[in-house]
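In what follows, a single structure is set out as structure tokens and then discussed.
The values are calculated or read from the model by the stated rules, or taken from the named source; none is laboratory data. Since the model is a prediction, treat every value here as computed from it, not as a measurement. Don't worry about glycine lacking a Cβ; one is built from the backbone with ideal geometry, like all the others, and counts go over all protein chains shown.
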Protein chains: 2
Amino acid sequence: MHTATAQASPNIAFIKYWGNLDPHLRIPLNGSISMNLEGLHTRTTVSFDPGLEQDELILNGQPAPAEAIRRVSDILDLVRAMAGVSHPARVESENNFPTGVGIASSAAAFAALAAAASSAAGLSLDEAALSRLARRGSGSACRSVPGGFVEWLPGKDDRSSYAVSIAPPDYWNLVDCIVVVEETHKPVGSSTGHGLAETSPLQACRVADAPRRLESCKKAILARDFEAFAEITELDSNLMHAVMMTSTPALFYWTPISLEIMLSAARWRAGGLPVCYTLDAGPNVHLITTRSYLETLKAKVQSVPGVRRILTAGPGGPVKAVAPHGKIFR
Amino acid sequence: MHTATAQASPNIAFIKYWGNLDPHLRIPLNGSISMNLEGLHTRTTVSFDPGLEQDELILNGQPAPAEAIRRVSDILDLVRAMAGVSHPARVESENNFPTGVGIASSAAAFAALAAAASSAAGLSLDEAALSRLARRGSGSACRSVPGGFVEWLPGKDDRSSYAVSIAPPDYWNLVDCIVVVEETHKPVGSSTGHGLAETSPLQACRVADAPRRLESCKKAILARDFEAFAEITELDSNLMHAVMMTSTPALFYWTPISLEIMLSAARWRAGGLPVCYTLDAGPNVHLITTRSYLETLKAKVQSVPGVRRILTAGPGGPVKAVAPHGKIFR
């Protein structure tokens, strides 16, 4: 029996992924930029076992639904094909962060799965290959493979579509202050949402303008220029939600409280506090600030009625192999 | 002394005007469709008077600010040039609806001004010429000249850009239920906003798709097909606000309560109530329904916290000449 365990962090995108060139291979229509979230992680153990009849998946201690097993088996199949292995696998995965709070757990999950499964199968994949493999399970998972600040090079096919680090975690002391306003699951999942992007009359313009935004965002990160970073990050979030709310059917992920926090963030920034917002496919608001302003920001956020809880995370590292019980072994 | 009085209604656009091909002539980038609002009106009296030293403007009983006088004088200059008149004019204008509740008063104001000024100067302009003249003061004013359901043919120059009626007021018993959530003036006026439209990466796509939406909306009105009307009206409103919130600087006209009402309207419609929302450049929500559902809708809206008041209006008629004290004289 061959076993390996890996751990990966979710990431928050500053330049968003929304819409696919190839939905099956999850080749995106535009590149994206994100930051891994330190301290939040998924830990996944994969054991290829000839004694199993089929792949098994335990998520947070519970047997997973068939749909989740199917998505995991698709990745295991890719690994088995690469490694020449034919045994089924047992996969156990746990998050140390709450589910359903709008932190995309699939990114961390598929990054950890790609690393654990390939290692358990005896493969030694480099970062780009791991990133490509993670991408097949969930597009944004490719960004949880490299560390720190990460760019997903969109590419045109499987080979050319993977993520690279543009700056290490300690390059800039940004913090993601995740404002939880709803703890229920989102009504429309990301995979379905990506498929609706092309029904918006605005998607083509959003995609066409993406290279400019990627360049601005990368430049702002490398220069640690918060004001430029804030402007492009908020614009990009608004562009994605503009496409969502003009799709057919219309997807509104914002709630009134999300909007209250977004408008507050703009006011707070105008008042001198370095903060900006970004929202994924859900109502919770990611407020980005720098470490030294975190406590000031948290105090302001806590005064907004309707805020349920706040999680915080600085820039996180890459996916890594760990011992099953958590000790890093290489 | 030559005097005339005219009365015009504001209008609510279902397919919106946002962005100009020619800002000076107010030639729009795309056509638009609206409904005049019955019972709400501006009444304007114009008197050309050789005894005046310069144009005078009284708005709701108060001397108007210089900026408002300048905009009115520009229209008076056009009329004076057409009529061969050189005297200054005294203009008195009153609204019977509250100001600052998000009903665009400039549309009714410039439609009434165009009619009163041209009549006072002895001109007898046809509907298209009046519509063109009103357009020079405020783009959407051209739509308050014809009656009922109105389309603004965007055109390419002054001559080809004017509005026509596509159905009379009694064609369809729609009602605009105007949900007032804020009574203060908007922070960014429409004229400035139009100028920012081109800074949004999405505006080109919104404009390119406009002919399709105009066709859908016109078809839905002519067929009295509420479901089709609701879908295209909400989409078009979302498209305009998408452009606004992705402009530089970003323009957010929605407040959390606006969003609450928008999301509620979508739920109510899914539950069988014929209602849809549309928002102009302000936070107040125009809920469109049919006459027989108005009381049901009002009861639901009144239960939403934060609603300040509700105004209602069915389809209104064209601009018309009236006696100074309100009696219609032709």
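For every residue, the table says whether it meets (1) assigned by TED's automatic domain parsing to the domain that holds A:Glu183; (2) touching a residue at least 24 places away in the same chain (Cβ under 8 Å); (3) aliphatic (A, V, I, L, M); (4) within 26 Å of A:Ile166 (Cα to Cα).
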site	(1), (2), (3), (4)
A:Ala228	yes, no, yes, yes
A:Met240	yes, yes, yes, yes
A:Tyr253	yes, yes, no, no
A:Pro274	yes, yes, no, yes
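Restricted to the stretch A:238-269, and to residues there that are closer than 20 Å to B:Asp236 by Cα and part of a helix (DSSP H, G or I), the residue that is nearest to the other protein chains (Cβ to nearest Cβ) is A:Ala242. Screening the candidates B:Leu202, B:Leu214 for the property of being in contact with a Ser or Thr (Cβ under 9 Å, 6 or more places away or on another chain), of a type in the set (A, V, I, L, M) and farther than 22 Å from B:Ala104 by Cβ yields one hit, B:Leu202.
Rundown of residues vs (1) surrounded by fewer than 24 Cβ atoms within 10 Å (Cβ to Cβ); (2) in the same structural domain as B:Ile33 (by TED's automatic domain parsing), yes/no style:
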| residue | (1), (2) |
| --- | --- |
| B:Ser73 | yes, yes |
| B:His87 | yes, yes |
| B:Asp126 | yes, yes |
| B:Arg136 | yes, yes |
| B:Ser144 | no, yes |
| B:Val180 | yes, no |
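The residue that is modelled with the lowest pLDDT, among those in the stretch B:191-203 that are crowded, with 19+ Cβ neighbours inside 10 Å and of a type outside the set (A, V, I, L, M), is B:Gly193.
Residues in the stretch B:161-203 that are within 18 Å of B:Pro28 (Cβ to Cβ) and in a helix (DSSP H, G or I): B:Ser190, B:Ser191, B:Thr192, B:Gly193, B:His194, B:Gly195, B:Leu196, B:Ala197, B:Glu198, B:Thr199, B:Gln203. Of all residues in the stretch A:213-235, those satisfying the criterion of being assigned to a helix (DSSP H, G or I) and surrounded by fewer than 15 Cβ atoms within 10 Å (Cβ to Cβ) are A:Glu215, A:Lys219, A:Leu222, A:Glu227.
Of all residues in the stretch B:1-18, which are part of a loop (DSSP other than H, G, I, E, B) and surrounded by 24 or more Cβ atoms within 10 Å (Cβ to Cβ)? Those that are part of a loop (DSSP other than H, G, I, E, B) and surrounded by 24 or more Cβ atoms within 10 Å (Cβ to Cβ): B:Ser9, B:Pro10, B:Lys16, B:Tyr17, B:Trp18.
Of A:Gly282, A:Gly317, all but one fail to be assigned to a loop (DSSP other than H, G, I, E, B) and either within 11 Å of chain B (Cβ to nearest Cβ) or buried (at least 21 other Cβ atoms within 10 Å of the Cβ) (or both); the exception is A:Gly282. Considering only residues that are in contact (Cβ under 8 Å) with a residue 60 or more places away in the chain and farther than 17 Å from B:Ser47 by Cβ, which ones fall in the stretch B:75-98? Of everything in the stretch B:75-98, those that are in contact (Cβ under 8 Å) with a residue 60 or more places away in the chain and farther than 17 Å from B:Ser47 by Cβ turn out to be B:Phe97, B:Pro98. For the criterion of being farther than 30 Å from B:Arg206 by Cα and among the charged types (D, E, K, R), A:Asp209 fails.
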